[in-house]
Amino acid sequence: MDFLGVELKQTLFYQEIADEEQREGIKEESMTLLTRLLRRKFGLQPALETALEQLPSMETATLEGLADALLGFTDISDLQGWLGKR
């Protein structure tokens, strides 16, 4: 679609919107994957569900840090401790 000879996809506004949607998509995918991994590791339990409620408030970089850290978690208290430090 052209507007005054400029294709909409080439405008800064369009690019900013597309970038924001991509960042939000990455964050959503990260939260979904972390939720699956943590539930698989610790099972369904109230303490985990409470911890998972914190994921939406985290930046993507923090979610990535959690993904790295969870490999070393042995029980739910490790997750709770990690969350308490952030």
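The values are calculated or read from the model by the stated rules, or taken from the named source; none is laboratory data. All values reported here derive from a predicted model rather than from experimental measurement. Cβ placement follows ideal geometry from the backbone for every residue including glycine, while neighbour counts extend to all protein chains displayed.
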Name the pairs whose Cβ atoms lie under 8 Å apart, with the first residue in the range 57-71 and in contact (Cβ under 8 Å) with a residue 24 or more places away in the chain, the second surrounded by fewer than 15 Cβ atoms within 10 Å (Cβ to Cβ) and not aliphatic (A, V, I, L, M), and 6 or more positions between them or separate chains? M58/R86; T60/R23; T62/R86
Do we have any residue at all in the range 78-86 that's in contact with a helix residue (DSSP H, G or I) (Cβ under 7 Å, 6 or more places away or on another chain), surrounded by 10 or more Cβ atoms within 10 Å (Cβ to Cβ), part of a helix (DSSP H, G or I) and at pLDDT below 95? no
Just need a number here: residues in the range 20-44 that are small (G, A, S) and farther than 14 Å from A67 by Cα. 2
